[in-house]
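S.K.: Below is the structure I would like to discuss, written out as structure tokens.
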Amino acid sequence: MRVAFWNIRGFHLPLKQKGVEDLATKKEISLLAVLETKLSIAGLEAFMRRRFRGWKQVNNFASHGGGRILILYDPLKIQLDTLEVLPQIIHCRVICKVSSESFLGSFVYGFHSIVARRSLWENLKHWGGYSDGAVAADGGFQQYPEAGGAGGWCGGVTLPDV
């Protein structure tokens, strides 16, 4: 199973949508987290009718406007069980249908201010205690509380090739 994250910074243009779909096909990506889509729910519905046919999606558009987190996945290869959807994070159990390997996936697009991100960090600490296996967290954290950097994070565990 191949998993990818992309801060797309707007997903309205058909050429950009086709490029992402072509890349997912070429690289055999079966789960793609797209951050900062800026899509509306109507825009997402139109997108799903045109692109990634046969794939399913999970999003947090209802909890925060502006299309923050969109998870696209191929249900022939992946079982994705949504555990929690919040404005800054979506937690899922991801199971590879080929290998039966699984992990807790936390897909993040954090708010810009430190104060607004406090609930995100508390939520990550909370969920960190519930995993009995591999954990993957990635996305738009904006800034780590300890390291002060930007980018993704994998919570101190190694993921086997799943």
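S.K.: Between Ala24, Ala33, Ala46, Ala42, which is within 12 Å of the chain's Cα centre (by Cα) and either of a type outside the set (Val, Ile, Thr) or under 24 Å from Gly110 (Cα atoms) (or both)? Full working, then the answer.
M.R.: Working: Ala24 fails: within 12 Å of the chain's Cα centre (by Cα); Ala46 fails: within 12 Å of the chain's Cα centre (by Cα); Ala42 fails: within 12 Å of the chain's Cα centre (by Cα).
Going through Ala24, Ala33, Ala46, Ala42 in turn, just one is within 12 Å of the chain's Cα centre (by Cα) and either of a type outside the set (Val, Ile, Thr) or under 24 Å from Gly110 (Cα atoms) (or both): Ala33.
S.K.: Could I ask something else about it? Hey, among the residues in segment 110-130 that are among the hydrophobic types (A, V, I, L, M, F, W, C) and surrounded by 10 or more Cβ atoms within 10 Å (Cβ to Cβ), which one's nearest to Leu83 (Cα to Cα)?
M.R.: Filtering segment 110-130 down to residues among the hydrophobic types (A, V, I, L, M, F, W, C) leaves 111, 114-116, 120-121, 124, 127.
Subset that is surrounded by 10 or more Cβ atoms within 10 Å (Cβ to Cβ): 111, 114, 116, 120-121, 124, 127.
Details: Phe111: 21, Ile114: 25, Ala116: 22, Leu120: 15, Trp121: 17, Leu124: 13, Trp127: 10 Å.
The qualifying residue nearest to Leu83 (Cα to Cα) is Trp127.
S.K.: Which residues, taken from segment 78-94, are surrounded by 17 or more Cβ atoms within 10 Å (Cβ to Cβ) and outside any strand (DSSP E or B)? First the steps, then the outcome.
M.R.: Keep residues of segment 78-94 that are surrounded by 17 or more Cβ atoms within 10 Å (Cβ to Cβ), which gives 78, 80, 85, 87-92, 94.
Selection gives Pro87, Gln88.
S.K.: Quick one: count up the residues across segment 10-31 that are in a loop (DSSP other than H, G, I, E, B) and buried (at least 19 other Cβ atoms within 10 Å of the Cβ). Walk me through it before giving the result.
M.R.: Taking segment 10-31 and keeping what is in a loop (DSSP other than H, G, I, E, B), we get 10-13, 27-30.
Narrowing further to those that are buried (at least 19 other Cβ atoms within 10 Å of the Cβ): 11, 29-30.
So the count comes out to 3.
S.K.: For segment 44-65, does any single residue satisfy the condition of being in a loop (DSSP other than H, G, I, E, B) and of a type in the set (S, T, N, Q)? So that I can check it myself, show each step before the final result.
M.R.: Taking segment 44-65 first, the residues in a loop (DSSP other than H, G, I, E, B) are 51-55, 60-65.
When the remaining residues are screened for being of a type in the set (S, T, N, Q), the result is 60, 63.
The answer is yes, given that some residue of segment 44-65 is in a loop (DSSP other than H, G, I, E, B) and of a type in the set (S, T, N, Q).
Quick note: the coordinates plus some simple rules give every number you see, no bench work behind them. Computed from a predicted structure; not experimentally measured. For neighbour counting, all protein chains shown are included, and Cβ atoms are generated from backbone atoms with ideal geometry for every residue, glycine included.
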